[in-house]
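See below for the structure under consideration.
The values are calculated or read from the model by the stated rules, or taken from the named source; none is laboratory data. This one's a predicted model, so the numbers in the text were calculated from it and none came from an experiment. Heads up, the Cβs are rebuilt from the backbone with ideal geometry, glycines too, and the neighbour counts pull from every protein chain shown. Surface accessibility is based on the protein's heavy atoms, side chains included, excluding ligands, DNA and RNA. Shrake-Rupley method; radii C 1.70, N 1.55, O 1.52, S 1.80 Å.
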Amino acid sequence: MGTVEAANKKAIESTLGQKKPKVVFVLGGPGSGKGTQCANIVEHFGYTHLSAGDLLRAEIKSGSENGTMIQNMIKEGKIVPSEVTIKLLEKAILENENDKFLIDGFPRNEENRAAFEAVTGIVPEFVLFFDCPEEEMEKRLLGRNQGREDDNIDTIRKRFKVFLESSLPVIEHYNSKGKVRKIDAAKPVGEVFEAVKALFTPVDDKKLWRLRPRGFYVTVTSLISSSAEVLKGIEDGKFG
Ligand SMILES: Nc1ncnc2c1ncn2[C@@H]1O[C@H](COP(=O)(O)OP(=O)(O)O)[C@@H](O)[C@H]1O
Ligand SMILES: Nc1ccn([C@@H]2O[C@H](COP(=O)(O)OP(=O)(O)O)[C@@H](O)[C@H]2O)c(=O)n1
Ligand SMILES: [Mg+2]
């Protein structure tokens with residue numbers, strides 16, 4: 001690495017270190033509904049959605065020197081070298097004023113995971129894992145209609161294989177650290193989002209809801225007992 005590049009890397013590290021963004025990794029097989037649910041989370045919980053796949057596709061479109069390499073990897077369902085993807089993610093995080101990010105479709109293999117941790121020092125708050133059977137994912141991908149070059153049956157099969165061999169171990173890694181929140185993603189969009197919502201609703205809000213009736217009852221009970229005391233006091237002639 002040249003000195004300019006090394007200096008740039010250091011600058012990014014320290015800036016990201018200062019920014020200390022809150023990150024949730026959104027993982028799951030191709031077609032499990034990551035993008036769909038991220039859009040819902042953004043709308044309700046104020047996160048910024050960063051899809052690694054979208055960033056890579058934008059890089060191809062921008063005519064970057066890596067464009068052809070990225071395009072070939074995506075067509076083959078392979079995982080692009082971490083260096084490329086991490087640079088795009090870092091840039092997107094630094095350019096955005098928000099401090100809460102959903103990182104969708106990353107880390108997709110052990111190399112992605114270890115490199116991101118080493119370069120940015122960011123540890124995810126938790127990992128949202130959309131669990132969905134292959135046959136359902138296949139049906140969704142074939143019906144996605146976004147004109148994606150990788151949504152054809154040959155590439156889809158390759159992507160499933162990469163998911164099982166390379167991405168599931170990343171989920172297992174985070175599971176062993178108690179970071180995985182698994183969601184049944186085979187259900188309809190609205191039902192999946194209900195399960196997602198429960199994970200994002202601030203604990204304080206949940207506590208408030210649980211405490212509200214109790215607090216209410218405590219107040220009512222003490223009002224009743226104090227009025228009973230007053231009544232008894234009147235009866236006893238305490239108040240004149
Ligand atoms: N729960 C769901 N039930 C049925 N179809 C879904 C569901 N979630 C997403 N889809 C559809 O499946 C396709 C893939 O969803 P997407 O969010 O792009 O998945 P991913 O980002 O995980 O590949 C899209 O056409 C989307 O509209
Ligand atoms: N971390 C990542 C994410 C995506 N990709 C590439 O981008 C492709 C599409 O990723 P995506 O996240 O948009 O795909 P879906 O899971 O949303 O269908 C993957 O199959 C990989 O080829 C990658 O190389 N590295
Ligand atoms: Mg997606």
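Across the stretch 27-43, which residue is surrounded by the most Cβ atoms within 10 Å (Cβ to Cβ) among those that are of a type outside the set (D, E, K, R) and more than 6 Å from ligand 1 (Cβ to nearest atom)?
This residue is Gly29.
Which of the residues belonging to the stretch 103-114 are under 22 Å from Lys19 (Cβ atoms) and either of a type in the set (Phe, Trp, Tyr) or away from ligand 3 (no atom under 14 Å from the Cβ) (or both)?
Selection gives Phe106, Pro107, Asn112, Arg113, Ala114.
Would you call Val80 more than 14 Å from ligand 3 (Cβ to nearest atom), open to solvent by 10 Å² or more (accessible area, probe 1.4 Å) and in the same structural domain as Val192 (by TED's automatic domain parsing)?
On the way: more than 14 Å from ligand 3 (Cβ to nearest atom): yes; open to solvent by 10 Å² or more (accessible area, probe 1.4 Å): no; in the same structural domain as Val192 (by TED's automatic domain parsing): yes.
No; evaluated as a whole, the condition is false for this residue.
Determine if the stretch 97-114 includes at least one residue that is part of a loop (DSSP other than H, G, I, E, B), under 28 Å from Leu141 (Cβ atoms), open to solvent by 40 Å² or more (accessible area, probe 1.4 Å) and touching a residue at least 40 places away in the same chain (Cβ under 8 Å).
yes
Just for the stretch 190-217: of the residues that are at pLDDT 95 or above and open to solvent by 80 Å² or more (accessible area, probe 1.4 Å), which one is nearest to Gly29 (Cα to Cα)?
Within the stretch 190-217, the match that is nearest to Gly29 (Cα to Cα) is Glu191.
On the given criteria, is Glu165 closer than 16 Å to Gly29 by Cα, assigned to a helix (DSSP H, G or I), modelled with pLDDT of 80 or more and open to solvent by 50 Å² or more (accessible area, probe 1.4 Å)? Outline the logic, then answer.
Values: closer than 16 Å to Gly29 by Cα: yes; assigned to a helix (DSSP H, G or I): yes; modelled with pLDDT of 80 or more: yes; open to solvent by 50 Å² or more (accessible area, probe 1.4 Å): yes.
Yes; evaluated as a whole, the condition is true for this residue.
Evaluate the following for Arg113: is it more than 9 Å from ligand 2 (Cβ to nearest atom), modelled with pLDDT of 95 or more and more than 17 Å from Ala186 (Cβ to Cβ)? It would help to see each step written out before you state the result.
Details: more than 9 Å from ligand 2 (Cβ to nearest atom): yes; modelled with pLDDT of 95 or more: yes; more than 17 Å from Ala186 (Cβ to Cβ): yes.
Here the answer is yes, as Arg113 does meet what is asked.
For the stretch 115-146, which positions are over 16 Å from the mean Cα position of the chain (by Cα), outside any helix (DSSP H, G or I) and within 16 Å of ligand 3 (Cβ to nearest atom)?
Cys132, Gly143, Arg144, Asn145, Gln146
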